[in-house]
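Before any comments, here is the structure.
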Amino acid sequence: MRLAICRDGAHKINTATNKLNCHDKKFHDWYRFVLSFPPHLVRQYIDRFGLHAQQKILDPFCGTGTTLVESKIQGIDSVGIEANPMAHFASTVKVNWCVASDGLISHARRIADYAEKIIETERFGNLRTLSVEADSLLLKNSISPLPLHKSLILLESIRLHKDERYYNHELLAFAKVLVFSISNLHFGPEVGVRHLKKSDASATEDWMEEILSMADDLRAAPTQRADAEVHHADSRHLSAVLQPNSIDAVFTSPPYPNEKDYTRTTRLESVLLGFINNKNDLRNLKQGLLRSNTRNVYKGDADDDWVANHQEIQSIADAIEKRRIELNKTSGFEKLYGRVTKLYFGGMARHLAELRSFLKPGAFLGYVVGEQASYLQVMIKTGEILADIAQSLGYKVVGIDLFRTRFATATKKQMREEVVVLQWLG
Ligand SMILES: C[S@@+](CC[C@H](N)C(=O)[O-])C[C@H]1O[C@@H](n2cnc3c(N)ncnc32)[C@H](O)[C@@H]1O
């Protein structure tokens, strides 16, 4: 084991540590959150935790599955939990390598040909559109009319030719090209709409290219396969999805206490694939998430009870509220900045408390979190506070490692992104 606190360690700058290395694209690049932690970080901690085949690693906030995919490549069993259905779907597909690559290509070619024919036939007809309800869920101008029309035809063709062996891979490839090639969205890191909108897109060609790239990865998949299961669940309630005393290690990155809304980041593909059909679906989804932004705070939320006696969290929430009053910020969301900070750490406390009975004694845990100052520039040292909460719940704090820094324009400061390393001694 080589674990130590390295708070003054060498400065690692954001850009180099964010990028997906060329040799790390296999499987990982099928669909990925911009700024997810990179696969090499997972490798580094698999190594530091001394994990080997027959052991099981858990990612309780698995997102698009970086921990699961990398563990599978390294031959280690994994289990992921994710509350957002789109991210859950992506992770599930990314760890399914039991697909015949040649079959996938020839099936997809039939779909692409069919879609092209329809696009040609409907060239002078009305453009296809989403229902008013579905459209109201999207960020305005997420996608231009003609690219949307072609995407809807492609999606219909995928559905018409449904073959269980390839269907999910075809849909994930669709989600990826929809967001990254066809739409007007950009990520910086929060999702936004480009100034220069795309008036046309080669939807089927881009999709086919993505299928070919997937097929290459599948062809090169290792023959010795580790297991990976992915559950659509809430990491504050684990008993329905995990066996007691079954987890050897945890490596994860939960949301951070800032205004990032993962349901917005994934909105376009979630709506087109039918994971969110109306406002009710969206509310249900948000209610299953850790409260980490003011857009998902609800009446009756009570996770803050878990940190009611935590002095530092209460002081941060008070400082945010004081600042808000001084600055005369009066919107409904601004009024929730203090409360969401308490709900966030309370939710993490609930998760860490719940997790204990599923860990094997001696299990190591790595939580990747970032310092934040999104709420009126009041500094939140997420890693230190999380370590403190974990300690109060009986975990040993092994160290807080610097992973990378990020320049925050609002505060003009380098903000630390850290790995909080814990151990459960049983
Ligand atoms: C920082 S992202 C994880 C990114 C991930 N490392 C990856 O490779 O994509 C955090 C994830 O936690 C999920 N999440 C939020 N609240 C959750 C909860 N209560 N249970 C499970 N997942 C949750 C979010 O939907 C989001 O996908």
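The values are calculated or read from the model by the stated rules, or taken from the named source; none is laboratory data. These numbers were taken from a predicted model, which means no experiment stands behind them. In this analysis, Cβ positions are derived from the backbone assuming ideal geometry, glycine residues included, and neighbour counts consider all displayed protein chains.
Numbers below:
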{"quantity": "Number of the exception - Phe61 against (1) within 14 Å of the ligand (Cβ to nearest atom); (2) surrounded by fewer than 22 Cβ atoms within 10 Å (Cβ to Cβ)", "calculated": "(2)"}
{"quantity": "Candidate set from the stretch 64-78 (those that are among the aliphatic types (A, V, I, L, M) and within 17 Å of Phe364 (Cα to Cα)); member that is farthest from the ligand (Cβ to nearest atom)", "calculated": "Ile76"}
{"quantity": "Top-ranked residue in the stretch 22-44 [being within 7 Å of the ligand (Cβ to nearest atom) and in contact with a Phe, Trp or Tyr (Cβ under 9 Å, 6 or more places away or on another chain); ranked as farthest from Tyr262 (Cα to Cα)]", "calculated": "Phe37"}
{"quantity": "Test: residue in the stretch 45-55 that is within 16 Å of the ligand (Cβ to nearest atom) and either within 26 Å of Asn284 (Cα to Cα) or not basic (Lys, Arg) (or both)", "calculated": "yes"}
{"quantity": "Pairs, first within 19 Å of Tyr256 (Cα to Cα) in the stretch 381-407, second of a type in the set (Ser, Thr, Tyr) and not in a strand (DSSP E or B), C-beta under 7 Å, six or more apart", "calculated": "Thr382/Tyr256; Phe403/Thr17; Arg404/Thr17"}
{"quantity": "Check on Leu130, in a helix (DSSP H, G or I) and under 26 Å from the mean Cα position of the chain (by Cα)", "calculated": "no"}
{"quantity": "Pairs, first at pLDDT below 95 in the stretch 40-69, second acidic (Asp, Glu), C-beta under 8 Å, six or more apart", "calculated": "Ala53/Asp77; Gln54/Asp77"}
{"quantity": "Test: residue in the stretch 226-233 that is over 30 Å from Gly50 (Cβ atoms) and either surrounded by 18 or more Cβ atoms within 10 Å (Cβ to Cβ) or in contact with a helix residue (DSSP H, G or I) (Cβ under 9 Å, 6 or more places away or on another chain) (or both)", "calculated": "yes"}
{"quantity": "Total residues in the stretch 256-284, condition in a helix (DSSP H, G or I), within 12 Å of the ligand (Cβ to nearest atom) and charged (D, E, K, R)", "calculated": "1"}
{"quantity": "Tally of residues being more than 26 Å from Leu218 (Cα to Cα) and free of Cβ contacts under 8 Å to residues at least 60 places away in the same chain across the stretch 87-135", "calculated": "15"}
{"quantity": "Any hit, the stretch 81-97, residues being of a type in the set (Ser, Thr, Tyr), under 21 Å from Trp207 (Cβ atoms) and over 30 Å from the mean Cα position of the chain (by Cα)", "calculated": "no"}
{"quantity": "Top-ranked residue in the stretch 324-342 [being in a helix (DSSP H, G or I) and over 18 Å from Asn293 (Cβ atoms); ranked as farthest from the chain's Cα centre (by Cα)]", "calculated": "Glu326"}
{"quantity": "Lys176, sole failed condition from (1) surrounded by fewer than 16 Cβ atoms within 10 Å (Cβ to Cβ); (2) in a helix (DSSP H, G or I)", "calculated": "(1)"}
{"quantity": "In the stretch 288-299, the residues that are in a helix (DSSP H, G or I) and more than 10 Å from the ligand (Cβ to nearest atom)", "calculated": "Thr294, Arg295"}
{"quantity": "Residue check, Ser331 among the small types (Gly, Ala, Ser) and surrounded by fewer than 18 Cβ atoms within 10 Å (Cβ to Cβ)", "calculated": "yes"}
{"quantity": "Criterion (away from the ligand (no atom under 14 Å from the Cβ), aliphatic (A, V, I, L, M) and surrounded by fewer than 24 Cβ atoms within 10 Å (Cβ to Cβ)) met by exactly one of Leu365, Leu359, Leu336", "calculated": "Leu336"}
{"quantity": "Test set (1) in a loop (DSSP other than H, G, I, E, B); (2) modelled with pLDDT of 95 or more; (3) within 13 Å of the ligand (Cβ to nearest atom) - Ile81 fails condition number", "calculated": "(1)"}
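Quick grid of which residues meet (1) touching a Phe, Trp or Tyr at 6+ places or on another chain (Cβ under 6 Å); (2) closer than 19 Å to Met86 by Cα; (3) more than 10 Å from the ligand (Cβ to nearest atom):
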| site | (1), (2), (3) |
| --- | --- |
| Asp227 | no, no, yes |
| Ser239 | no, no, yes |
| Phe251 | yes, no, no |
| Pro254 | yes, yes, no |
| Asp301 | no, no, yes |
| Val307 | yes, no, yes |
